[in-house]
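What follows is a set of notes on a single structure, which appears directly below.
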């Protein structure tokens with residue numbers, strides 16, 4: 001048992017000695033200073049009907065099948081380059097708003113995980129992920145001039161060919 005904590009019997013002995021006003025004050029302190037989940041539990045104990053009303057306010061998860069369809073369509077258009085290079089399948093306004101579409105669809109895909117059909121929602125979430133790493137062709141990779149290291153210095157240990165840093169001055173070869 002953790003130090004400084006009361007066990008169950010000791011805890012129930014203490015409130016038995018307290019008056020109702022002191023118990024209300026202690027409960028108020030726990031409610032007011034506690035984290036949101038603790039406040040929700042206290043509210044559920046005090047007024048169970050209010051939690052039912054609050055639960056109705058929670059938005060139902062979207063249909064995973066519809067989300068998967070939208071994600072598949074968006075990902076296919078994005079991978080074909082329709083959002084970056086003009087394409088008739090994507091309007092000009094939609095092309096400029098692709099970031100908002102991506103954010104909305106990724107949020108809906110994650111919300112769909114709260115529903116019943118987790119497998120379909122999981123496919124939608126992975127559909128919003130990036131493609132696996134594909135290395136660039138060697139012709140696209142910039143090449144270093146011969147005799148230079150990765151930082152642009154000479155491979156003979158000096159920053160510039162013909163320079164010596166032992167004396168701090170450049171010497172001619």
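Please report Rg (one decimal) and Dmax (integer) in Å for the Cα set of segment 64-127.
Final numbers for Rg and Dmax: 12.3, 38 Å.
Find how much the distance from residue 14 to residue 46 grows on full extension, using 0.36 nm per residue of separation minus their present alpha carbon separation; answer in nm with one decimal. Present the calculation step by step, with values, prior to reporting the outcome.
Numbers: separation 32, 0.36 × 32 = 11.52 nm, distance 2.08 nm.
Stretched fully, the residue 14-residue 46 segment lengthens by 9.4 nm.
With each label point set 7 Å from Cα along the Cα-Cβ vector, what nm distance links residue 25 and residue 7?
Placing both labels 7 Å beyond Cα along the Cβ direction yields 3.0 nm.
For segment 8-56, go through all pairs of different Cα atoms, get the mean of 1/r, take its inverse, and jot down that Kirkwood value in Å.
Working: mean 1/r = 0.0821 Å⁻¹.
About 12.2 Å, per the Kirkwood formula over Cα pairs.
Throughout, read-outs are computed from the coordinates displayed, never taken from laboratory work. Note that the structure is a prediction, hence the values are computed from the model and not measured. When we count neighbours, we look across all protein chains shown, and the Cβ atoms used for this are built from the backbone with ideal geometry, even at glycine.
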